[in-house]
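Shown next, in structure tokens, is the structure this report addresses.
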Amino acid sequence: MRYDYEVIAEWIAPGEKVLDLGCGDGSLLRHLAEVRQICGYGVENDPEKLLACVKNGVNVIQMDLDKELEGFEDGFFDHVIMSFSLQAVHNTQGVLAEMLRVGREAVVSFPNFGYWRHRQSILNGRMPVSESLPHQWFNTPNIRFFTIADFEALCERNGIAIRERLAFDEGKLVLDEPNFLASAAVYRLGRD
């Protein structure tokens, strides 16, 4: 199980309504249902992952994340989650705004492109490949390359409150200089 699943589970109260955007095979929702008894729904666009969700017993809707979350009422969900998918959407600001429109809070996790090992790879003339960036440059789903500092500046610019941030390197908590020393970050977000 991914380390961010435990962090996310800590931020979710039992029985909450949760929407997971880019839910993959539904394993996070299945985990939250087991440990927090949530009422969860996933959004996914990949047909193979949709089938995996159904096999995992996860309620899933096929939808393009770059479009508005049409059909979802304002504030319907307690939490809207986007775990390691934000870097793969075109409309980053729109997606974040929609997450906070349909949910009381948003939870976002992403790979930190400012991580020192990623910087070293680029200095060595190669695009980084790591646990948090497992794809080669030619087959990556990532279209946005941003750092922890970039994300926090975007939140400030858009009036998004950062309620909590945890940064990690290989699953271990990073407290000092996370923009340089952390390979990934998990955020709990709200409106100012």
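The values are calculated or read from the model by the stated rules, or taken from the named source; none is laboratory data. These numbers were taken from a predicted model, which means no experiment stands behind them. Please note: Cβ atoms are built from the backbone with ideal geometry, for glycine as well, and neighbour counts cover all protein chains shown. Each accessible area value is taken on the protein alone, full model and side chains, heavy atoms only, with ligands, DNA and RNA left out. Shrake-Rupley method; radii C 1.70, N 1.55, O 1.52, S 1.80 Å.
Could you give each residue of the range 146-162 its phi-based ³J(HN,Hα) in whole Hz, using Karplus coefficients 6.51, -1.76, 1.60 with θ = phi - 60°, and x for Gly or Pro?
Ordered by residue, 3J(HN,Hα) equals 9, 10, 4, 4, 4, 5, 5, 5, 5, 4, 4, 4, 9, x, 9, 7, 8 Hz.
Please work out how much accessible surface GLU70 shows to a 1.4 Å probe, ignoring ligands, DNA and RNA, in Å² rounded to 10.
The value for GLU70 is about 140 Å².
Shape call for the chain from the C-alpha gyration tensor, a ≥ b ≥ c root eigenvalues: rounded (a/c under 1.5), prolate (a/b greater than b/c) or oblate?
prolate
Starting from the amide H of VAL60, placed 1.01 Å from N in the peptide plane, find each other amide H under 5 Å away whose residue is 5 or more places distant or on another chain.
Hits under the 5 Å cutoff: GLY42.
Mind jotting down the three principal axis lengths of the range 11-119 based on Cα atoms? Whole angstrom, largest first.
Its Cα atoms span 40, 29, 28 Å along the three principal axes.
Within the chain, what whole-number % of the accessible surface is contributed by carbon and sulfur, with the 1.4 Å probe and all protein chains included in the calculation?
50 percent
Only helical DSSP H runs with n ≥ 4 go in: add -39500 (n - 2.57) per run for the chain, normalise by residue count and round the 222 nm mean residue ellipticity to 500 deg cm²/dmol.
On the way: 7 runs with 61 residues, N = 192.
Rounded to the nearest 500, it is -9000 deg cm²/dmol.
For the chain, what is the relative contact order in percent, using Cα pairs closer than 8 Å and at least 6 residues apart in sequence?
RCO, the chain: 19 percent.
Can you tell me the 0 to 90 degree angle between the C-alpha axis of helix 92-102 and the longest principal axis of the chain, rounded to 10?
Long axis of 92-102 versus the principal axis of the chain: about 30 degrees.
Go through the range 105-114 residue by residue and turn each phi into a ³J(HN,Hα) via Karplus (6.51, -1.76, 1.60, θ = phi - 60°); whole Hz please, and just put x for glycine and proline.
So the Karplus estimates, Gly and Pro as x, are 9, 10, 10, 10, 10, 7, x, 8, 6, x Hz.
Residues with amide H under 5 Å of PHE146's amide H, sequence separation 5 or more or different chain, H placed in the peptide plane at 1.01 Å from N; which?
PHE113
What does the charge dipole of the range 1-123 about its Cα centre add up to, to the nearest 20 debye, if the Cβ of each Lys and Arg holds +1 and the Cβ of each Asp and Glu holds -1?
Here the size comes out at about 420 debye.
Quick check: with the 1.4 Å probe, what order do CYS53, CYS39 take by accessible area, largest first?
Largest to smallest exposure gives the sequence CYS39, CYS53.
First measure r as the distance between the Cβ atoms of ILE61 and LYS172, then evaluate 1/(1 + (r/R0)^6) with R0 = 41 Å and state the FRET efficiency to the nearest 0.05.
My answer for the efficiency is 0.75.
Given R₀ = 22 Å, FRET efficiency for ARG157-GLU48 by Cβ-Cβ distance, to 0.05?
Working from the Cβ atoms, E equals 0.05.
Any aspartates and glutamates with Cα under 18 Å of the LYS49 Cα? List them, leaving off those in the same chain fewer than 8 positions away.
Within reach: ASP20, ASP25, ASP64, ASP66.
For ARG144, what accessible area in Å² do you get when you roll a 1.4 Å probe over the heavy atoms of the protein chains, rounding to the nearest 10?
For ARG144, the solvent-accessible surface is approximately 90 Å².
May I ask you to give the solvent-accessible area per residue for the range 3-126, in square angstrom, as obtained with a 1.4 angstrom probe?
Normalised by residue count, the accessible surface of the range 3-126 is 46 Å².
Taking only Cα atoms, what is the 0 to 90° angle, nearest 10, from helix 27-36's long axis to the longest principal axis of the chain?
60 degrees
Using amide H atoms built 1.01 Å from N in the peptide plane, name the residues 5+ places from GLU170, or on other chains, whose amide H lies under 5 Å from its own.
For GLU170, whose amide H was placed from the backbone, the distant partners under 5 Å are SER183.
Rounding to the nearest 20 debye, state how big the charge dipole of the range 77-192 is about its Cα centre with +1 on each Lys and Arg Cβ and -1 on each Asp and Glu Cβ.
Working: 12 positive and 13 negative charges, 45 e Å.
Dipole size: approximately 220 debye.
With the alpha-carbon atoms as the only input, what is the per residue convex hull volume for the range 74-119 in Å³? Write down the numbers at each step before the final one.
Details: hull volume 3.3 nm³, N = 46.
That works out to 71 Å³ per residue.
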